[in-house]
Structures are given as C-alpha cells and as structure tokens.
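Each remark here refers to the structure printed beneath this line.
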Amino acid sequence: MKRKVLLSGNEAVALGAYQAGVAVAAAYPGTPSTQILEEMSKFPEVYCEWSSNEKVALEVAIGAALGGKRSLAAMKHVGLNVAADSWMTLTYIGVNAGLVLAVADDPGMHSSQNEQDTRYYALMAKAPMLEPSDSQEALELVKEAFHISERFDLPVLLRLETRISHSRTVVEVEDGVREEVDLPYSKDAVKRVMVPAHARLRHPVLLSKLEELRRFGESFAYNRVEMGDPRVGIVTSGVCYQYVREAFPEASVLKLTMTHPLPERLLRDFCSRFRRVYVVEELEPFLENSLKAMGIDAVGKSRIPRMGELNPDIVAEALRELVELDGGKPPKLWPSAAAEDKATEDKAELPPRPPVMCPGCPHRGLFFALGRARATVSGDIGCYTLSVLPPLNGIDCQVCMGAGIGLALGLERAFSQSELNAERAGRVVGLLGDSTFIHAGIPALIDMVYNKTPVTVVILDNRTTAMTGFQDHPGTGRTIKGEETHALDLEALSLAVGVRRVRVVDPWRLEETEEVLREELAASEPSVVISRRGCSLRERPEKVVPFWVDPDDCDSCWRCMRLGCPALSRRDEKAWIDGDLCRGCSMCAQLCRKEAIEEVEHA
Amino acid sequence: MPDAVLAGVGGQGTVLSTRVLAEAALLSGYDVKTSEVHGMAQRGGSVTSAVRWGEKVFSPLVPRGTADFMLAFEMLEGLREVGCLAPHGIAIVNPYRMDPLPVLRGDAVYPEDALERIMERAGKTVIVPARELALEAGSLRAMGSCLLGALSVFVDFPEEAWRKAIEEFCPTEYVDVNLKAFDLGKRLGASER
Ligand code: SF4
Ligand code: SF4
C-alpha cells in the first residue's frame, strides 16, 4: 500500500536510506543537513551515532561499508572539509557494501560561514554524484545510490541544498520496505591499505571506473531530456530544475541528476539541437565549465549570479532577454519592474532583524564579562557567534569550527613579538562551545600546553549543540537514541592534557565570571575557563519568574541595555522588560545601580 | 495555484504553522511544496517560509509579487515581506510588535505605520490579534493556529483537513489549545470575509 506524505528532503533521504537497508549511519549536526540523522535514529534497526566530528562520521561509515553493511554519513558542506582527508582516499580503496555520503550545501548562507560548492569534492575525489530536485527524487536516488555504489565499488556523493533539505514535497511512501544487505568481508590489503605502491595500482582502477560511470550516466534514467520549445534549451540540475520549470514552463530542459561524471554524449546531443544553450546552476559554473571544456558554448554565469540562492525570479530575469531573442516565450510570472523596485527599496530601509542570543542565554553573561576584562577574542561557530553584534561586540575573528584556540595561539605569538600591539599580548582568549571543542578543539588545546603558549581558553558549556537544534554530543551523557552513556569530563580532560589552571564559572553571575576571567588572563601560563550553564532555550524550568523594571526607580542610565537582551527595550524613556520573553536570569538586575529591576512576584 | 508566505520572528512558531498548512493542503488532495528556514535565523531573526499548493507545483520558493496570502506573525516582518503578495493578495496580520535588536538599542526606529503600509500594499488585510486570542485559547504558543484559522476562511480545504493537520503536528498536550485557537481565528476571519 502506497500513501502520499509530505517529507522534507532530509526526511526523504533518511527514509530512502532505511529502505535501502542502511545498517550504520553517522553524522555531526550542521544546518541544513541535521535532520537526516535525527530521522534515521527513529528506526530501531539502524545503528546511528552523533560522531564527534564529520571526519569520524565518514570513517565510521567507511568501516561499516568495508565490513559488509550499507552505511550513510551526513554533513553540511563545510563538514566535508573536515572529512575531506578520508573522502579523498576512499575512492581509491572502494567500499564493499554501499556507502552514501549526503552533503547539504547552503547557497545564500542561511546558516553557514561560506558558500562553497560541494560538487568539486566529487570531481576531486573522482566519485559519482547524484542531485535530487525534490523529496520524491531524494528518496529514490538514495536507493539508486546504493546500487551504484556497490556496482562500481565507489562511495556516492548525494548532494543536497537548503531548498531540497528543508523543503517539504509530496512523496509516495510504501510501508514495510527494507532491503537486506550482508556482504562477506575478506582481507585485501593491496586494495585497502594505501601505501604508495598500492595506491599507484588503485588510481588507474579509479580512472577506469570513472569512464564506466560516464557510460552508465548516458542511459541513467534520472538524467532526462524534457523536450518543449525547440528554440530554447536549458541544462540544469537539483532545485534549479524547479526554478527553470517555473520560470520557463515551455522550454526544453536537460535535467541532469548524475552531475559527476557528466554524460558527455547526452549533453552534446541535447546542446546540438539549439542555437544557444543555457546552464542554470547555483554557485559555481560547475556544469557550465564542463560544457565549455567539451567545446560547447553556453550562457551561464555571464547572466546568472555566482553567489547566493537562485529562485524563479532571478532565473526569469537573467534569461528573459536572450530567450526572447531566441524567439522563445518570455517568463509568465513577472511583477512589473517598478513594483519590484519599490518593494526592494522599501525593504532596504526597514530596520534589520538579525538573529540574537535568547533572553537568559548563558553566553550573554560570559561575553559581557569578557568585554569588561578587555581581551582579544578568537571565536567559533555556534549561537555564541551572535555575540559579534553590538552591544556585546564579543568576537574579534572566527573562521570555522574549533579554530578558536589555534587562532588564539597565533595571535598571542604575534602580539608578544610586536611593538604596535604589545599591550594585547597575554590577553588573548580562544573561545569554543562544548560541542565544537570536542569536534576540533582538543588537538589545539594540546598544542597550547605543548608549546607553552599563555592563552586563556574559554569553553562555553551549555550542555547541548544549541544552534542546530539541541543535539546530544559526547559531553551530554546521552546518545542520539537517548541512551545514557559516559559524559566527557571537560575539567578532567583539560587537566589530563596538562593545563594546570582549570576554572568553572556560572556565567549568570556577572561579577564572579569577570573576576575569574581577569585572574586567568593575568596568569602567565595556559588556562581553561569553563563557562557552564544549560542553554536557556532548551532547559526551561516549570515556572519562570520574569523580572520587571519599576519606572519610578529607573533613571534611564541604560546600563542594563549593555547586555543586548531581546527582552529589554526602552519604552517612554525607561527600561522595559517584555514579560513574555524574560527568562528571569537576573543579569540585567545585577547591572542596575538603582535596584529598579526585580522579580515580578516581589513587585 | 495558491501560495502562502509566512513571515515572523525566529521562535514564533512559523515552522509549525507551515507544516500544518501544508498538511491541510495535502489532505485536501493537492500537490504541495514548502520551504522553511532552520538554523541560525531561528534565534530571533527574520524568518519566512512558504507553502504552495495546486495541481502541480514546481518551485518551493514563491515568485515575488504573486502570493495569494501572507501570514504575518509580527508587523515589521509582515511589512518586510508584503512585496511577496499579488495585487489581490490577502494579508493576515497579527498586530504584534517585537523590536529587533537595532531598535532595542536605539540605533533604528520601528516603523510605527507598519500595519498601515501593509494595508496599503495588500489587496485585503485581516487583522488577527493572535496574542490575545492565543491567550484566550490557553497558550501563547498557539498564535500560529489563530492566523491559520483566519486563513481557513479564504481557502477551500475541508474543516476535517485542518483539524487532522493540527492534531498530527502540534505537541499532544497543546492540540486542544491549538484547535480552540484555530476556531477563534476562524470566527474572526469569517467576520472579515
Ligand atoms: S539556543 Fe541556547 S545557546 Fe543558543 S542563543 Fe538560545 S539560549 Fe543561547
Ligand atoms: S532577567 Fe533581564 S537579562 Fe535576564 S532575560 Fe530577563 S530581561 Fe533579559
């Protein structure tokens, strides 16, 4: 019995992987890929884990595939940077049972630090890559991917994007479907131990597989031509296919689903039918350049933006003029240019609403204290990154997860040799979250001790992976399936690697936190400060006692406003607390010199 | 092919309302697509999502200036997204104000005329005091269901589809509250029809 349900792309990937018989699935959370593993973990038959980072996740999947069971690893685009070392040699050794690596890109950077295009990772590793254009395809392609993986003995990269992962579309679901795969394991060191002599043998094998894959792609049913208007030919893939269909419903379309390696004959055949060919793709000119390398001219990034997300409007506007020149039908959906300009103009003049840390967020207290202790702060990726905005202005620099410590070590080494920046020396803080510390911070912590760099590391321990929606991690004492497990002891770990000064503070206590930070910054040896309090969005007590401001006592000094708490604003020239939002952390009350802020019940 | 855009502030429950609306459309026999925002923006930033339904839907994103409905959970966010509406489009607005950080800090001014400007641009505006209605229903968390109730008056989904969708996606202990909030919104919408 089939039923129609609405699934997000991520849910569809999970269901497809389950139905394909995946036995082992591993991931590190990252928007927009997070829900893939969350959904997989609901299937009791599948072993699932939040891995400590993406590299470990992929390695767990590799081990499982070598061991004869189908496996899935999931991550966001930047996660694959972490896992790239394993990824790049995996294609040499192959898989045994199928392995699918699902990677979600984030064009437009809804929740990411860059817009890198994952398709180049398929190119670099010489791996097959599939790109679904809705949830139904995501479900089907995961299963196809496992067959391809086993047939060619290669991992398959399933490339998703925000608008695939986080769009719900209708999927026909059949219950009770699950393939059973159990393949024998036998030792084969020449194939699986990549010493140079073996790797030299494996590289040509990989190259010939790539050629076979190219031939396979020529007749792969999901690479399909939809002939329409013979004057307008568009090559596209992924979610862009939907934008093309929306903007130019009559056009002829070559919808590519296997985007690496590319089906050269199919492409040549399609393109030869048109005077001009368009390539519609997000981010880099990946398809376009491949076409050009085949000697096929195509209109792509000369018209279509190379950054940000596309949408039907952008595609329509970018190609409208040329399509009309070709004699094709102009896009039908098009608000008048003037109305559009007006709307954009109006929008630009409105106050922006950047994301902010929640009321009562423990990070706020730590950053407030850190600001008063006057430190140079290298940061990390998580909710605490939001402290970069005024009034906290809490972070000086940040590149990626776990980088806080390493950057701090270099800053300290530069400052301590500088005349210009000498006063900054000895006042450098490297900052990470609990989950990101485990992800990539531990080697840097060891480096700090080993090389005796007197930096203060701050671990913002809120007992969860907050930004991505509260996933467990090795420090929380729970697995993805909710089972109890050992909780990593951050203090003991810091001591074990040789940090002698380890302090724990409650960031809701502003004065105490500031004092500890001052002491540790003053110390001339490496130190660790653990700022510990549960995330206030996740850990809500039964009853919150909000605070309020007595307008008669408030003298409008705005000291409390320095926290940047979204529950606090100015009304009628007095501070005012929105009781719906206030989390009762008391930090604003601690700052008020007039004792104008107090708990509502005492009022 | 009707489209609805939902605009609000991260944490206000737009994602849940998106799911309920999409499910109701599915249960009414339509092809449906949604787009949602997860991650960083959900920490109190501007969030928009979209639901499109009809015989066959391609893009999960709504072309600008073509949406039939906009559900604004907050006035400034409604004003920000009102350009999504077609000239005949209906704005269903919670007249609720949440100052964004630049306004809280005094670096920017909240547009006092947000509601008027929405009304000017929209083909029709239905004002739904969702905060008050949700409190009457029993929980602030049910604001989205009040807006959906008002929307239900203008779309052709059977009542049963809405109820089932709410039952399926709202946390069990909040189903009754949300159903009640939906009814309150619906009553208000009906009076505006
Ligand atoms: S989710 Fe938790 S960690 Fe993130 S801003 Fe809110 S309170 Fe802070
Ligand atoms: S007590 Fe003050 S700082 Fe804390 S959440 Fe309430 S208003 Fe914000």
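Among the candidates A:287, A:283, A:256, A:267, single out the residue that is in the same structural domain as residue A:239 (by TED's automatic domain parsing), surrounded by 23 or more Cβ atoms within 10 Å (Cβ to Cβ) and more than 31 Å from the chain's Cα centre (by Cα).
Details: A:287 fails: more than 31 Å from the chain's Cα centre (by Cα); A:283 fails: more than 31 Å from the chain's Cα centre (by Cα); A:256 fails: more than 31 Å from the chain's Cα centre (by Cα).
Only one candidate qualifies: A:267.
Given the structure, is residue B:105 at the interface with another protein chain (Cβ under 7 Å from one of its Cβ atoms) and buried (at least 23 other Cβ atoms within 10 Å of the Cβ)?
On the way: at the interface with another protein chain (Cβ under 7 Å from one of its Cβ atoms): yes; buried (at least 23 other Cβ atoms within 10 Å of the Cβ): no.
No, not satisfied.
Among A:434, A:396, which is within 16 Å of ligand 1 (Cβ to nearest atom) and either surrounded by fewer than 24 Cβ atoms within 10 Å (Cβ to Cβ) or acidic (Asp, Glu) (or both)?
Numbers: A:396 fails: within 16 Å of ligand 1 (Cβ to nearest atom).
Exactly one residue qualifies, and that residue is A:434.
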* Does the stretch A:495-510 contain any residue that is β-branched (Val, Ile, Thr), open to solvent by 30 Å² or more (accessible area, probe 1.4 Å) and part of a loop (DSSP other than H, G, I, E, B)? -> yes
* Subset of the stretch A:462-483 that is more than 16 Å from ligand 1 (Cβ to nearest atom) and not basic (Lys, Arg) - its residue that is surrounded by the most Cβ atoms within 10 Å (Cβ to Cβ) -> A:480
* To do: Look through B:147, B:133, B:179 and report the one residue that is touching a strand residue (DSSP E or B) at 6+ places or on another chain (Cβ under 6 Å) and either closer than 30 Å to residue A:350 by Cα or of a type outside the set (Phe, Trp, Tyr) (or both).
  => B:147
* To do: Would you point out the residue of the stretch A:240-253, among those that are touching a Gly at 6+ places or on another chain (Cβ under 9 Å) and either of a type outside the set (A, V, I, L, M, F, W, C) or not in a strand (DSSP E or B) (or both), that is most open to solvent (accessible area, probe 1.4 Å)?
  => A:250
* Asked: Does residue A:586 count as of a type outside the set (Phe, Trp, Tyr) and either outside the structural domain of residue A:406 (by TED's automatic domain parsing) or free of Cβ contacts under 8 Å to residues at least 60 places away in the same chain (or both)?
  -> yes
* To do: Please state which of the following conditions residue A:453 fails to meet, knowing it meets all the rest: (1) within 16 Å of ligand 1 (Cβ to nearest atom); (2) assigned to a loop (DSSP other than H, G, I, E, B).
  => (1)
* Structure fact -> Selection from the stretch A:440-461 of residues open to solvent by 10 Å² or more (accessible area, probe 1.4 Å) and either outside the structural domain of residue A:524 (by TED's automatic domain parsing) or under 27 Å from the mean Cα position of the chain (by Cα) (or both) yields A:440, A:442, A:443, A:444, A:446, A:447
* Select, from A:153, A:188, the only residue that is over 21 Å from the mean Cα position of the chain (by Cα), acidic (Asp, Glu) and surrounded by 16 or more Cβ atoms within 10 Å (Cβ to Cβ). => A:153
* Tell me which of these residue B:149 doesn't satisfy, since it passes every other one: (1) surrounded by 16 or more Cβ atoms within 10 Å (Cβ to Cβ); (2) more than 20 Å from residue B:5 (Cα to Cα). => (2)
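The values are calculated or read from the model by the stated rules, or taken from the named source; none is laboratory data. Remember, it's a predicted structure, so these values are computed and weren't measured experimentally. Cβ: placed from backbone, ideal geometry, glycine included. Neighbour counts: every protein chain shown. Surface areas here come from the heavy atoms of the whole protein model, side chains and all, with no ligands, DNA or RNA. Shrake-Rupley method; radii C 1.70, N 1.55, O 1.52, S 1.80 Å.
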